[in-house]
Amino acid sequence: MTRPNPSRPVRTLVTGGAGFIGSHLSDLLLARGDNLTVVDNLSTGRRENLPARHAGLRFIEADLRDALGAFGPGERFDEVYHLAASVGVARVMSDPIGSIETNVEQTAALLRFAAAHGPEGAPCRVLVASSSEVYGKGSKSPFSEDDDVVYGNTTVTRWSYACSKAVDEFLALAWTQRATGPACVVARFFNTVGPRQVGEYGMVLPRFIRAALAAEPLAVHGDGTQSRCFADVRDIAGALPVLLARDECAGRVFNLGSERSVTIRELAELVIRITGSRSRIDFVPYNSVFAGGFEDLRRRVPDVRRAREAIGFETRRTLEETILDIARAMRERTPGA
């Protein structure tokens, strides 16, 4: 990992930097020697995900729009990683208005801020975190960055998140085309998992592991034959500064994820085996989990050739290793689990 300007510490802003992915990224940037500012309202992030004391860290607990408005005109950043967002299927389904407004309005404000607060004589480099949800209900597999996208009816709440993240991408790419705009890279995350992720917002793997450690049933939504590709957060976070450092990556979209596909039933069985749990698997109909307006995608696999060609991206940690690390972290937080 190299610094954009080795003559001084990089001035970096991470929005959502106390969250799951953001905190792992923040760890890497602090280790790199950045002067790091983290903005997080702790709605889903946790302060303990970041160092309690670090000379290179400034933590601001605030909504992003409020924090951006409080920065003075002389505040400048070389790099910005925009990870603040409404996350998790459960959260989106329970508060679609808040999710849409959070994703679109905060991204618009952040990009406008970056255009005015970059380094002297150069554009601010901005990475905008997006999601595989952008692909919608397309049936092609694997998904490639240039594929067309297909969304369901607007009465199906699930697709509101996909559309909001697509608007974020449009905004980032449009700003990059401006001569005075920031240089943006878009990263589409595919089912990122690992230590520090919580299951309260519908994240399947930590939910399964927590239930397995407690010898409780693992609730699989639907029939369990839907498949996903799970990538370790440490592999994904490590790719972000590399993407942002490459001039040729500006104005482009990159899939980031694992190419190994497992069904949700297979995932539940894997968790039970690795943790040595006595738990059973319960299959729960979608309509008993979500009030309505939910539609699932049967298969989601990324084509990561673009990231591989641009930065040599590969996922190095296996799903089995990730499950063990998550279980270990949960046991450390809950002795006797």
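The values are calculated or read from the model by the stated rules, or taken from the named source; none is laboratory data. Since the structure is predicted, the reported quantities are computational estimates derived from the model, not experimental observations. Cβ atoms come from the backbone with ideal geometry, glycine included; neighbour counts cover every protein chain shown.
The residues on offer are 154, 180, and the sole one that is in a loop (DSSP other than H, G, I, E, B), in contact with a Cys (Cβ under 9 Å, 6 or more places away or on another chain) and either of a type in the set (Gly, Ala, Ser) or farther than 25 Å from residue 25 by Cα (or both) is 154. Among the residues examined, residue 143 does not qualify as modelled with pLDDT of 95 or more, within 29 Å of residue 115 (Cα to Cα) and under 20 Å from the mean Cα position of the chain (by Cα). Reported count of residues in region 183-222, each being under 25 Å from residue 149 (Cα atoms), among the aliphatic types (A, V, I, L, M) and outside any helix (DSSP H, G or I), is 6. Within region 263-277, residues that are within 14 Å of residue 215 (Cα to Cα) have Cβ atoms under 8 Å from residues that are of a type outside the set (A, V, I, L, M) in these pairs: 268/208; 268/224; 271/208; 271/277; 272/279; 274/320, counting only partners at least 6 apart in sequence or on another chain.
Quick grid of which residues meet (1) closer than 30 Å to residue 158 by Cβ; (2) surrounded by fewer than 17 Cβ atoms within 10 Å (Cβ to Cβ); (3) more than 15 Å from the chain's Cα centre (by Cα):
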| position | (1), (2), (3) |
| --- | --- |
| 12 | no, no, yes |
| 15 | yes, no, no |
| 45 | yes, no, no |
| 54 | no, yes, yes |
| 57 | no, no, yes |
| 79 | no, no, yes |
| 82 | yes, no, no |
| 86 | yes, no, no |
| 91 | yes, no, no |
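Checking each residue in region 17-33 for being buried (at least 24 other Cβ atoms within 10 Å of the Cβ), free of Cβ contacts under 8 Å to residues at least 40 places away in the same chain and over 15 Å from the mean Cα position of the chain (by Cα) picks out no residue at all.
Where helices (runs of 4 or more DSSP H) fall wholly inside region 223-321, the ranges with 3 or more residues that are at pLDDT below 95 and surrounded by fewer than 20 Cβ atoms within 10 Å (Cβ to Cβ) are 286-289. Taken as a whole, the structure leaves residue 109 outside the set of residues that are closer than 21 Å to residue 254 by Cα and either modelled with pLDDT of 95 or more or surrounded by 23 or more Cβ atoms within 10 Å (Cβ to Cβ) (or both).
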